[in-house]
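Reviewing the structure listed below.
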Amino acid sequence: PGMKFASKIGSEIPGQWREGSDYSKGANMGAGDLVAIERSDGAIRFGQVVAKTGLPWQNIYEVCVSVNADGSPEASRTEEAKDIFKPSAAALQSLGMGGIAPLPQGSQMAAAAPVSAVAVKKGTQFFSFFGGGNAAPAAEQGGEAVDRAAALRSAQEEKAAAQADKRRDAEDAAAARKEAQQAALAEREAIAVARREAQAQAREEALAARSARAPVGRQPSARAPPPPRQGSAPTPPAPVEDKQAAARAEQARVKAERDALVEERKQQQLAVRAEAEAKRQAQIAERDAKQQEIKAQRDAAQAERQRQQEEQAAARAAPPPPPPPP
């Protein structure tokens, strides 16, 4: 039997048609509908939906894209519904089809049958000649569907695992950057504190030096010192060396306290960094363990699928049972 729209299949759509008004993608369609597909040369050509194919949850259709001289299918290709154009009723009316009016009897298929039992990848096409005896048995079709489903599940699991690994790597990198920023901030604060303390010490040393130099350069007063009070001994002035020694001792004490504070903060920063590194290593070890577990599960599932496929292949290769005696 010939295709319903054999006269249109393979020809380009009218040049005056516009997407959105005369044809659109992803519309509802069914077997026997006239559609259009963008071909490898960039032209949009007519085709006819043969049947829905792929897995149950996939929205994929097999479309006849060329016919023989007698109107029988010559080549087809599989496309997702989102990549298939469907003409509007008004556009079909402009072609003189009146929507989806059937052609004369003898040039249409009562029920659209798939051109081939084997689904092809998107954008590829294959040739199938009816009557050639190349139709696969139903058991083989079912086995191929199971194989495709298993391969799809395996690819989805691998993609999900890769995405999870990438997400964990990004989280680890962000945590490491945050820890480095915190450590750098603490280090800058410690440097600022040390600078302020050094400036304060310098001011104290300058003040002490000025205080130590003042008694040496001071001129004695021309006025006579007051006489000592009756019954009390005069107080001797403090030596200059004693004041300088006291100032140096105070400076040493302040410096020791500052050095102790800086060392304490340094040890705290080292402890924080060590803790962050230990946490990061623990996260890496946990992630590696999870990856190994997921890999082991995938390998086990793959082995089980391989076993099932081998059993199905053996069952398909086994000769059919002899027919019962009459």
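At-a-glance table
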read-out: Residues located in segment 307-323, provided they are open to solvent by 80 Å² or more (accessible area, probe 1.4 Å), part of a helix (DSSP H, G or I) and without any contact (Cβ under 8 Å) to a residue 60 or more places away in the chain; value: Arg307, Glu310, Glu311, Ala317
read-out: Enumerated strands (runs of 3 or more DSSP E) restricted to segment 50-100, each holding at least 1 residues that are within 14 Å of Tyr23 (Cα to Cα); value: 85-87
read-out: Selected residue (only one of Asn59, Asn28 is open to solvent by 40 Å² or more (accessible area, probe 1.4 Å) and under 27 Å from Ala151 (Cβ atoms)); value: Asn59
read-out: Residue match in segment 243-263 (condition: open to solvent by 60 Å² or more (accessible area, probe 1.4 Å) and more than 27 Å from Leu207 (Cβ to Cβ)); value: no
read-out: Residue match in segment 141-152 (condition: within 21 Å of the chain's Cα centre (by Cα), at pLDDT below 85 and over 28 Å from Pro320 (Cα atoms)); value: yes
read-out: Test: residue in segment 276-285 that is acidic (Asp, Glu), surrounded by 10 or more Cβ atoms within 10 Å (Cβ to Cβ) and out of contact with any helix residue (DSSP H, G or I) (no Cβ under 9 Å at 6 or more places or on another chain); value: no
read-out: Extreme residue, farthest from Arg258 (Cα to Cα), among residues of segment 176-211 that are open to solvent by 80 Å² or more (accessible area, probe 1.4 Å) and polar (S, T, N, Q); value: Gln181
read-out: Evaluation of Ser72 against (1) among the polar types (S, T, N, Q); (2) surrounded by fewer than 14 Cβ atoms within 10 Å (Cβ to Cβ); (3) closer than 18 Å to Lys4 by Cβ; (4) touching a residue at least 12 places away in the same chain (Cβ under 8 Å) (one fails), failing number; value: (2)
read-out: Within segment 1-50, tally of residues that are among the basic types (Lys, Arg) and under 17 Å from Ala89 (Cα atoms); value: 4
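The values are calculated or read from the model by the stated rules, or taken from the named source; none is laboratory data. A quick note: this is a predicted structure, and the numbers were derived from the prediction, not measured. Cβ sites come from the backbone with ideal geometry, for glycine too, and all protein chains shown count toward neighbours. To get the accessible areas, we keep the full protein, side chains included, count just its heavy atoms, and leave off ligands, DNA and RNA. Shrake-Rupley method; radii C 1.70, N 1.55, O 1.52, S 1.80 Å.
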